[in-house]
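Worksheet: one structure, shown below.
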Amino acid sequence: MTKTPKAITTDVASLRDRMAPDPEQPSGVAGPWRYASLVDDPFEAGIWEAPVDSWREDGYPVDEFIVIIAGHLRLIEDDGTVLDLHAGDLGFVPQGWAGIWEVVEPVRKAYVVTT
């Protein structure tokens, strides 16, 4: 018997109730980072939030589509290009990306990641 795929829906408040500390938070970076996944196979999708801080990424490990729900996130690419994302903005960070993630205002984002 073939299993029929099922759609999954929820609201942000319900997903936030399930948030847990993010194990990928680098040491020395303000936190706690928190996240909750709606789905995690064959890709991951959910919400993530973090307080004000910044950190460097070298060789970002995934492709990530972002929707900013609240706050202000700034991505500073190695060539100096600055990308500011505010509530309602969409973004994409490709696997292998290098630069600075700066949370300018506490941020909450919806994300989809895949390798």
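Just a few scattered comments:
- Residue by residue, region 10-15 carries 3J(HN,Hα) couplings of 6, 9, 4, 4, 5, 5 Hz when phi is fed to the Karplus relation 6.51 cos²θ - 1.76 cosθ + 1.60 (θ = phi - 60°); x denotes Gly or Pro.
- The calculated FRET efficiency for the pair Asp11 and Asp78, based on their C-beta separation and a Förster distance of 25 Å, comes to about 0.10.
- Summed residue charge, Cβ within 13 Å of Ala45's Cβ, Lys/Arg positive, Asp/Glu negative: -4
- For region 57-73, 3J(HN,Hα) per residue [Karplus equation, 6.51 cos²θ - 1.76 cosθ + 1.60, θ = phi - 60°, Hz, x = Gly/Pro]: 10, 10, x, 3, x, 9, 8, 9, 9, 10, 10, 7, 8, 8, x, 9, 10
- Close amide H partners of Gln25, meaning residues 5 or more places away or on another chain with modelled amide H under 5 Å apart, do not exist here.
- In units of the compact-protein estimate 2.2 N^0.38 Å, region 12-77 shows a Cα radius of gyration of 1.15.
- In sequence order, region 104-115 has phi-based couplings of 7, 10, x, 10, 10, 10, 9, 9, 9, 10, 8, 9 Hz under the Karplus curve 6.51 cos²θ - 1.76 cosθ + 1.60, θ = phi - 60°, and Gly or Pro positions carry x.
- For the chain, average projected area of the Cα convex hull in nm²: 8.0 nm²
- Built amide H within the under 5 Å cut-off of Asp53, gap 5+: Val103
Every read-out reported here was derived from the displayed coordinates using simple, explicitly stated rules and does not represent laboratory data. It should be emphasised that the depicted structure is a prediction, and the values quoted were computed from it without experimental measurement. As a convention, Cβ positions derive from the backbone with ideal geometry for all residues, glycine included, and neighbour counts pool all protein chains shown.
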